[in-house]
Amino acid sequence: MDALKQKILNEGTALSDKVLKVDKFLNHQIDPELMVEIGREFYRLFKDQNITKILTLESSGIAPSVMTALNFKIPVVFARKRKSLTHTDRLYTAPVYSYTKQETNIISVSDQFISQDDKVLIIDDFLANGEAANALISLVDQAEAEVIGIGIVIEKSFQPGRDMLEEKNYRVESLARIESLAAGEIVFKEDQN
Ligand code: 5GP
């Protein structure tokens, strides 16, 4: 997605050869117009799949997910990283090791919001090692619902997340794929659409 790639080049920073900072439009400040475009693109990619629900992880997955869900006219469910006092329902839970925070959180979703007949599109801001995606898949599995695909805003293709998910036969669609962040330079993978 050209607008996203341009934004990454203009406003992203390679903090190291592994971590990309995109606080100016995705992870802290949010660019709503870009989110609208991201929503349209995920819709274009998955519109024929009868998706009934989008599942994401708080907090940075929420903005692109809501914009996508608006196109599908379906709800978004976000898995929580912390237990809330109002969370009194039965929960599906899964551990997820956070790549950027270097800590393990138990993420959870109420059993009210994913059910057996749901066809779920998982959306997240980044794909690195696939830990977050795996945990979200586990929540869908626990609900005995179906994962239709995984939509990623920024994939770091030099890390193993995509291969791991594809080996398990999941469809992964990433709107920007980064081949390298070495020496502070952001290089995209050429074979993307
Ligand atoms: P994974 O679970 O695939 O290893 O990592 C994905 C999660 O870690 C995403 O939800 C994202 O929040 C965070 N993450 C991983 N790599 C980066 C990165 O380079 N930059 C930012 N901002 N977040 C990242």
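The values are calculated or read from the model by the stated rules, or taken from the named source; none is laboratory data. Owing to the predicted nature of the structure, the values given are computational and were not obtained by experimental measurement. Because the Cβ atoms are built from the backbone with ideal geometry, glycine has one as well, and the counts that use them run over all protein chains shown. Accessible surface areas use protein heavy atoms only, side chains included; no ligands, DNA or RNA. Shrake-Rupley method; radii C 1.70, N 1.55, O 1.52, S 1.80 Å.
Just a few scattered comments:
- Start at zero, step by 5 Å, and the Cα-Cα distances of the chain spread as 1, 8, 17, 21, 22, 17, 9, 4, 1, 0 percent across the bins.
- Sequence-distant lysines (8 or more away, or on other chains) whose Cα lies within less than 19 Å of residue 5: 18, 21, 24, 156, 189
- Percent RCO, i.e. relative contact order, over the stretch 2-188, from Cα pairs under 8 Å lying at least 6 residues apart: 20 percent
- Pair residue 2, residue 117: separation of 7 Å Cα→Cβ label points (nm): 4.3 nm
- Using the Cβ-Cβ distance between residue 49 and residue 189 with R0 = 30 Å, the FRET efficiency computed as 1/(1 + (r/R0)^6) comes to roughly 0.80.
- Most mobile of 159, 49, 29 in a GNM of the chain (Cα contacts under 10 Å): 29
- Sites residue 158 and residue 93 - FRET efficiency at Förster radius 30 Å, r taken between beta-carbons, to 0.05: 0.50
- Separation of the stretch 135-178 and the stretch 88-112, taken as the distance between their Cα centroids, equals 17 angstrom.
- Spin-label pair residue 13-residue 104: with each label point 7 Å from Cα along the Cα-Cβ axis, the two points sit 3.2 nm from one another.
- For residue 98, residues with placed amide H under 5 Å, excluding near neighbours: 103, 104, 105
- Cα shape, the stretch 71-115, gyration tensor, a/c 1.5 rule: oblate
- In the context of the full set of protein chains, residues of the stretch 2-188 present 50 Å² of accessible surface per residue (probe radius 1.4 Å, heavy atoms only).
- Diffusion coefficient (Stokes-Einstein, Kirkwood radius over C-alpha pairs, 4 °C, 1.567 mPa s) for the stretch 90-193: 89 µm²/s, rounded to a whole number.
- Scoring 92-99, 66-73 by mean Cβ neighbours within 10 Å over their residues and listing the highest first yields 66-73, 92-99.
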